[in-house]
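The block underneath contains the structure these notes are about, expressed in structure tokens.
The values are calculated or read from the model by the stated rules, or taken from the named source; none is laboratory data. Bear in mind the structure is a predicted one, so any value in this text is a computation, not a measurement. Note that each Cβ is placed from the backbone with ideal geometry, even for glycine, and that neighbours are counted across all protein chains shown. Remember, those area values only see protein heavy atoms, side chains included, never the ligands or the DNA or RNA. Shrake-Rupley method; radii C 1.70, N 1.55, O 1.52, S 1.80 Å.
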Amino acid sequence: MQRIVVLAGGIGGARFLRGLKVAAPEAEITVVGNTGDDIHLFGLKVCPDLDTVMYTLGGGINEEQGWGRTGETFAVKEELGAYGVGPQWFGLGDRDFATHIVRTQMISAGYPLSDVTQALCSRWEPGVRLLPMTDDRVETHVLVDDPEGEGRKAVHFQEYWVRMRAGADAHAVVPVGAESAKPAPGVLDAVAHADVVLFPPSNPVVSVGTILAVPGIREAIAEAGVPVVGLSPIVGGAPVRGMADKVLAAVGVETTAAAVARHYGSGMLDGWLVDTADASAVDEVEEAGIRCRAVPLMMTDDEATAAMAREALALAEEVSA
Ligand code: FO1
């Protein structure tokens with residue numbers, strides 16, 4: 001049985017995984033999920049990327065938004081607002097609240113996030129093994145100009161992404177706590193026993209980059225000696241979704257499919273898929289020592305996404321031949 005490890009962020013990672021399950025129905029898929037986007041609100045621990053993967057694969061996602069629950073209502077948020085309790089800029093729905101209550105309750109009882117995630121997944125049955133990158137607290141912060149002062153200030157990633165809509169230049173992206181975090185149980189073992197490692201079209205800085213910032217994960221992938229293939233989240237010089245250009249600029253990377261491949265580097269990536277719109281970037285990526293193919297990379301539906309996953313697995317086979 002083929003063992004596939006995927007390093008996933010939120011919406012892009014989750015949708016890719018849905019296609020991968022169609023493309024490789026027999027495979028054992030382990031997802032290492034980004035937890036740098038996690039935020040504590042109203043005394044609750046919210047894990048947006050883990051939840052997005054869990055709801056998307058488990059059939060509970062709001063399809064239009066790509067995050068949060070289907071059939072959602074916002075009575076609790078409105079009631080909190082009536083008490084003047086915020087933040088109101090983060091849309092936590094009533095159904096979603098239940099997930100965060102269960103998670104926080106279990107964590108307070110002493111369970112690590114990896115066990116809690118497994119417990120939540122026993123309801124959603126996502127059909128993959130979903131592991132947080134770490135059980136330790138890591139929070140991505142973004143350094144921006146302080147609009148009220150001369151200097152700069154760090155804001156939580158969700159505040160930058162959701163409240164500020166990435167409207168200010170990001171001077172730096174810091175995964176606070178990552179340097180002393182340990183990979184969650186099962187992560188290094190899954191990588192060591194993988195047949196292939198995939199980087200879905202997730203944000204290379206705040207999603208895949210944060211996972212790789214947990215000491216041991218990058219090294220385990222490099223040492224596993226298995227093909228590592230990524231799919232570009234940048235098509236035609238712009239992010240397919242989200243505001244990845246803002247955080248790419250913070251790490252000095254151009255918003256092009258080739259620049260993102262070079263950012264990961266040939267020490268990490270063996271293969272890279274770019275969209276057909278970026279076919280002219282193939283030579284540049286190959287010159288950087290990374291095998292590259294141009295194929296359609298728009299996740300318009302499950303079949304188009306499954307075709308992308310098949311191309312990624314075919315490229316993995318090719319580089320390992
Ligand atoms: N994204 C938004 O643009 N606005 C929101 O109010 C919002 C709330 C939210 C609540 C729970 C959750 O799991 C995700 C949520 N997201 C929201 C998505 C999230 O901010 C980001 O897209 C990811 O963290 C980036 O991967």
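A few remarks follow.
Rundown of residues vs (1) hydroxyl-bearing (Ser, Thr, Tyr); (2) open to solvent by 60 Å² or more (accessible area, probe 1.4 Å), yes/no style:
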| position | (1), (2) |
| --- | --- |
| 40 | no, yes |
| 45 | no, no |
| 48 | no, no |
| 52 | yes, no |
| 59 | no, yes |
| 74 | no, yes |
| 80 | no, no |
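- Breaking point among (1) more than 15 Å from the ligand (Cβ to nearest atom); (2) surrounded by fewer than 24 Cβ atoms within 10 Å (Cβ to Cβ), for residue 5: (2)
- Among residues of the stretch 267-321, those that are within 14 Å of residue 199 (Cα to Cα), touching a Cys at 6+ places or on another chain (Cβ under 7 Å) and open to solvent by 70 Å² or more (accessible area, probe 1.4 Å), counted: 0
- Residue match in the stretch 252-264 (condition: open to solvent by less than 10 Å² (accessible area, probe 1.4 Å), of a type in the set (A, V, I, L, M) and within 16 Å of the ligand (Cβ to nearest atom)): no
- Pairing residues of the stretch 65-83 that are within 27 Å of residue 14 (Cα to Cα) with residues that are modelled with pLDDT of 95 or more and among the aliphatic types (A, V, I, L, M), at Cβ distances under 6 Å and at least 6 apart in sequence or on separate chains, gives 66/11; 77/92.
- For the stretch 134-162, a residue qualifies if it is aliphatic (A, V, I, L, M), touching a residue at least 24 places away in the same chain (Cβ under 8 Å) and either in contact with a Leu (Cβ under 8 Å, 6 or more places away or on another chain) or more than 25 Å from residue 185 (Cα to Cα) (or both), and the qualifying residues are 142, 143, 144, 162.
- Of all residues in the stretch 100-111, none are of a type in the set (Gly, Ala, Ser), surrounded by 13 or more Cβ atoms within 10 Å (Cβ to Cβ) and not assigned by TED's automatic domain parsing to the domain that holds residue 172.
- When residue 144 is tested against (1) open to solvent by 10 Å² or more (accessible area, probe 1.4 Å); (2) assigned to a strand (DSSP E or B), just one condition goes unmet, and that condition is (1).
- Subset of the stretch 208-238 [open to solvent by 10 Å² or more (accessible area, probe 1.4 Å) and within 12 Å of the ligand (Cβ to nearest atom)]: 233
- Check on residue 174, outside any loop (DSSP other than H, G, I, E, B), β-branched (Val, Ile, Thr) and farther than 22 Å from residue 11 by Cα: no
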